[in-house]
1. Straight-line reach from residue 44: which aspartates and glutamates have a Cα under 20 Å away, not including same-chain ones fewer than 8 places off?
2. Scale the Cα Rg of the stretch 102-180 by the rule-of-thumb value 2.2 N^0.38 Å and send over the ratio, two decimals.
3. With the calculation restricted to Cα positions, what are the radius of gyration and Dmax of the stretch 83-128 in angstrom?
4. Each residue of the stretch 68-80 in turn: what ³J(HN,Hα) in whole Hz from Karplus with 6.51, -1.76, 1.60 and θ = phi - 60°, glycine and Pro shown as x?
5. Please give the contour-minus-distance gain from residue 41 to residue 196: 0.36 nm per residue of separation, less the Cα-Cα distance, rounded to one decimal in nm.
6. Only helical DSSP H runs with n ≥ 4 go in: add -39500 (n - 2.57) per run for the chain, normalise by residue count and round the 222 nm mean residue ellipticity to 500 deg cm²/dmol.
7. Carbon and sulfur atoms: what percent of the 1.4 Å accessible area of the stretch 98-201 do they account for?
8. Need one number: nm distance between label points at residue 123 and residue 5, each 7 Å from Cα along Cα→Cβ, rounded to one decimal.
Amino acid sequence: MTFELPALSYSYDALEPHYDAETVEIHHSKHHNTYTEKLNAAVKAAGIEGKSIEDILTGLDSVSEDKRAPVRNHGGGYWNHTFFWETMAPNAGGEAKGALADALKKKFSSFEGFKDQFSNKAANHFGSGWAWLVINGDGELEVTDTHDQISPISIGHKPIMTIDVWEHAYYLKFRNARPKWIEAWWNVVNWDKANDRYEAAK
Ligand code: MN
């Protein structure tokens, strides 16, 4: 199986004015596409063609050590971006819905309490990486982060939502102001999708 760049379910300008069309297009057609192409090369070099991306990322230990880093980096980049695009939608934002809304209130005292913790994790992540809401290995909701393109599924988490805080995700529009990107991003969070993931994972 050769991995292909997944098409977005919305147009490049659909997340305006919160996430600008130019950044979305470059982020998807250049950055995500490069991870996809390099993943295919890394999989071929490691001799692990035919596995799903989930099997690859949850079984990195079985990849020979001298071939593992590019599989981890580009495989994570491929999977994380696909998950990120699906975390967002046009005409979205607002507050969490359904069972996820109840669980967030229980875990973080209030939706605002969750939002503050998630925003702080994203803003304070040092260098390139991602902030995540996951169900961790203990079955608990947790706000966490990963460096570079480490995927949470490689470390036993079931992710619910994510924001990309690599500079390529926001620098064209927001320059160095990562907190402004985070603030804008809340307006495009697809809470229906997040709740579906929560229902499936809990
Ligand atoms: Mn990215």
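1. 4, 54, 55, 61, 65, 66
2. After normalising by residue count via 2.2 N^0.38 Å, the value is 1.13.
3. Taking only Cα atoms of the stretch 83-128, I get Rg and Dmax of 12.3, 34 Å.
4. Taking θ as phi minus 60°, the curve returns 6, 4, x, 5, 5, 5, 7, x, x, x, 5, 5, 4 Hz for the stretch 68-80.
5. My answer for the length gained is 52.5 nm.
6. Working: 9 runs with 97 residues, N = 202.
The helix-only estimate for the chain comes to -14500 deg cm²/dmol at 222 nm.
7. The computed percentage sits at 45.
8. 3.3
The values are calculated or read from the model by the stated rules, or taken from the named source; none is laboratory data. Quick caveat: nothing in here was measured; it's all calculated off a predicted structure. Heads up, the Cβs are rebuilt from the backbone with ideal geometry, glycines too, and the neighbour counts pull from every protein chain shown. Heavy atoms of the whole protein, side chains included, go into the accessibility calculation; ligands, DNA and RNA do not. Shrake-Rupley method; radii C 1.70, N 1.55, O 1.52, S 1.80 Å.
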